[in-house]
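The values are calculated or read from the model by the stated rules, or taken from the named source; none is laboratory data. On a predicted model such as this, the values are computed, not experimentally measured, just so you know. Methodologically, a virtual Cβ is constructed for each residue, glycine included, from the backbone with ideal geometry; neighbour enumeration extends over all protein chains shown. Only protein heavy atoms, including side chains, enter the accessible area calculation; ligands, DNA and RNA are left aside. Shrake-Rupley method; radii C 1.70, N 1.55, O 1.52, S 1.80 Å.
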Number of protein chains: 2
Amino acid sequence: MSSRDIARAAVRARLAEVAFGMFRSAGFDNVTVNDLAAAAGVSRSTFLRHFGTKEEAVLGAFDLQFEQIAALLRERPASEDDWTALRRALDTMIAPHRTDPENALATARLVEETPALCAHQLHKQNTWRPALATALAARSGQSVTMAHEVRAGAALACLNIALGHWTRSNGERDLDELLNEGFHALM
Amino acid sequence: MSSRDIARAAVRARLAEVAFGMFRSAGFDNVTVNDLAAAAGVSRSTFLRHFGTKEEAVLGAFDLQFEQIAALLRERPASEDDWTALRRALDTMIAPHRTDPENALATARLVEETPALCAHQLHKQNTWRPALATALAARSGQSVTMAHEVRAGAALACLNIALGHWTRSNGERDLDELLNEGFHALM
DNA sequence: TCATGTTTGACACTCAGTCTCACTTTGGGA
DNA sequence: TCCCAAAGTGAGACTGAGTGTCAAACATGA
């Protein structure tokens, strides 16, 4: 990672933070890219060059999480069945909800109540699903089957549902238990 | 259903058909709403009044299918386990792929290769999932639990994955069998 | 026939996203 | 240290989606 990449990532992080703050207080649809750029002290061009779309300013961070999940999945022991491996790998995804529930709750709410964000998020998951299936198969040296992909998809659906319940409980219910309850319907 | 509603539905169907034809031959992103309106002989305003968004011209029909699935699900006998009931209900969804594979294949391809359509489709499924869970619970007089919702979500993921395989096989593989294979990883 | 509600087309407007061009900054090699 | 090539930035023009308003045409049911 060159120093340029570091600088670029720092700018990106700052822009995302400013954007999240404005979306959180005014609502995604009531903030324009011009507003975001002005608030962050950059031009409209620069903002869009960093994120491509308004949605990516919120959802861009999730790509890293998916890579982490895939990596963790690959490291789960082959003796573990797929459901258990998936359940464990998702612990990474819900770590932020434990360490910074305030922020995680605001993000989850924003995504859930904004159709454009929700749709993009689901599409992102759909894009990552094959990679999860590959990781699931690779950890036990198997080749990818439809079963791997179905289990990966089911686990993601489970995550979304558990997160939805968690959000609607204002973060009061335990996300770990909600996930366990969800996986219980699958295992 | 008044005569006005009938006329309205007829116009909608015709507009959707024209739109699908153009999307199919030129690609979703290469056709503007102006193009669609001109080809259908209506104004841009009228086209957008009927569908709201370009995407809905393609995906609008799926709402009916989801209602059908929910209705069928409610009618499955309480003696059937949830997975079997879901699997049977999905037969409705894949009926068109049997009766008119040509058209179904083109639609599936269009949705899959167009990110905007894919995202909207997934969001639609996400919106309908609670209704499926309710139907699943109602058929055996239970109240809705997270398990119902998780199973509904998993079934939808399974449908998407099976459809993806079917599309990539150019409609040559049997969608019924693909669905069975997918559900096998869950049941 | 008439009053009412619906559909339509025209048009103006906002905003997202793409593209191009010129300018500035920066990193790394000579 | 100097220099150059590459990367980042800002300005601005442009396309196209989606919203809202208005007046005219239309169909429906009394």
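For the range B:3-76, give me every one of the helices (runs of 4 or more DSSP H) that falls completely inside it and has 2 or more residues that are over 15 Å from the mean Cα position of the chain (by Cα) and within 14 Å of DNA strand C (Cβ to nearest atom).
Where helices (runs of 4 or more DSSP H) fall fully within the range B:3-76 and carry at least 2 residues being over 15 Å from the mean Cα position of the chain (by Cα) and within 14 Å of DNA strand C (Cβ to nearest atom), they are B:3-26, B:33-40, B:44-51.
Does the range A:133-147 contain any residue that is under 24 Å from B:Gln125 (Cα atoms), surrounded by 19 or more Cβ atoms within 10 Å (Cβ to Cβ) and in contact with a Phe, Trp or Tyr (Cβ under 7 Å, 6 or more places away or on another chain)?
Checked against the condition, which is being under 24 Å from B:Gln125 (Cα atoms), surrounded by 19 or more Cβ atoms within 10 Å (Cβ to Cβ) and in contact with a Phe, Trp or Tyr (Cβ under 7 Å, 6 or more places away or on another chain), the range A:133-147 yields no hits at all.
Quick one: in the range B:85-121, of everything that is basic (Lys, Arg) and in contact (Cβ under 8 Å) with a residue 24 or more places away in the chain, which residue is surrounded by the most Cβ atoms within 10 Å (Cβ to Cβ)?
Here the residue is B:Arg87.
Residues in the range A:122-129: is at least one within 16 Å of DNA strand D (Cβ to nearest atom), open to solvent by less than 50 Å² (accessible area, probe 1.4 Å) and on the phi < 0 side of the Ramachandran plot?
The answer is yes; a qualifying residue exists.
In this structure, does A:Thr127 turn out to be touching a residue at least 12 places away in the same chain (Cβ under 8 Å) and assigned by TED's automatic domain parsing to the domain that holds A:Gln142?
no
Going by what's in this entry, would B:Met187 be described as modelled with pLDDT under 95 and within 12 Å of another protein chain (Cβ to nearest Cβ)?
yes
Within the range A:161-182, take every residue that is at the interface with another protein chain (Cβ under 7 Å from one of its Cβ atoms) and closer than 13 Å to A:Glu112 by Cβ and give me the one that is farthest from the chain's Cα centre (by Cα).
A:His165
Hey, does the range A:101-112 have a residue that's under 19 Å from the mean Cα position of the chain (by Cα), of a type in the set (Asp, Glu) and within 13 Å of DNA strand C (Cβ to nearest atom)?
no
If you take the residues in the range B:37-50 that are touching a residue at least 24 places away in the same chain (Cβ under 8 Å) and open to solvent by 20 Å² or more (accessible area, probe 1.4 Å), which one is nearest to DNA strand D (Cβ to nearest atom)?
Per the criteria, the residue is B:His50.
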